[in-house]
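Trainee: Attaching a single structure in structure tokens format; questions to follow.
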Amino acid sequence: QVQLVESGGGLVQAGGSLRLSCAASGRTFASYTMGWFRQAPGKEREFVAAIIRSGSRTYYADSVKGRFTISRDNAKNAVYLQMNSLKPEDTAVYYCAGGTPIVYSDQRGYKYWGRGTQVTVSS
């Protein structure tokens, strides 16, 4: 069992940066691919980024590629999302997720989910 708690959200102006953190409980954190997803008001939840167990490979949605960076620290049971050059369209609740997906962007492959942290980007 893994419990995930996100932090680091907030209000930022367009062009600014935020760093989200996800703290995981449980000794099996390193066994899972970790991902970040987001859900904007009135929209479906969508894939943002994923990182494999070792941290040696990462995947990004086209909309955030080049602006966001996902990383993990297995010794600290933590995964991070550095968000730069933020845009108003990045406004959403951001969720941390862990699992063993076959397709990294497929939410159905993630078993564990946090409650989310709000990110608001003003224009």
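The values are calculated or read from the model by the stated rules, or taken from the named source; none is laboratory data. Quick caveat: nothing in here was measured; it's all calculated off a predicted structure. A quick note on method: Cβ atoms are made from the backbone with ideal geometry, for glycine too, and the neighbour counts reach across all protein chains shown. Accessible surface is based on the protein model in full, side chains and every heavy atom, while ligands, DNA and RNA are left aside. Shrake-Rupley method; radii C 1.70, N 1.55, O 1.52, S 1.80 Å.
Trainee: What residues from the stretch 1-32 fall in the zone where the backbone N is under 19 Å from a label point 7 Å along the Cα-to-C-beta line of Lys76?
Mentor: Answer for the stretch 1-32: 3-10, 17-32.
Trainee: Please calculate the 1.4 Å probe accessible area of Ser7, with all protein chains present, and give it to the nearest 10 Å².
Mentor: It works out to around 60 Å².
Trainee: Along Cα→Cβ, 7 Å out, is where each label goes; now give me the distance between the ones at Arg108 and Ser123 in nm to one decimal.
Mentor: 3.6
Trainee: How much accessible area per residue does the chain have, in Å², with a 1.4 Å probe?
Mentor: Result: 54 Å² of accessible area for each residue.
Trainee: Now, a different point. Quick one: dipole size for the chain, taken about the Cα centre, charges +1 on Lys/Arg Cβ and -1 on Asp/Glu Cβ, in debye to the nearest 20.
Mentor: Charge dipole, the chain, about its Cα centre: 300 debye, nearest 20.
Trainee: I'd like to compare 91-100, 37-46, 22-31: which one has the highest average count of other Cβ atoms within 10 Å, and what's the full order after that?
Mentor: The packing order, highest mean first, is 91-100, 22-31, 37-46.
Trainee: What relative contact order, as a whole-number percentage, does the chain give when Cα pairs under 8 Å and 6 or more residues apart are counted?
Mentor: Relative contact order of the chain: 35 percent.
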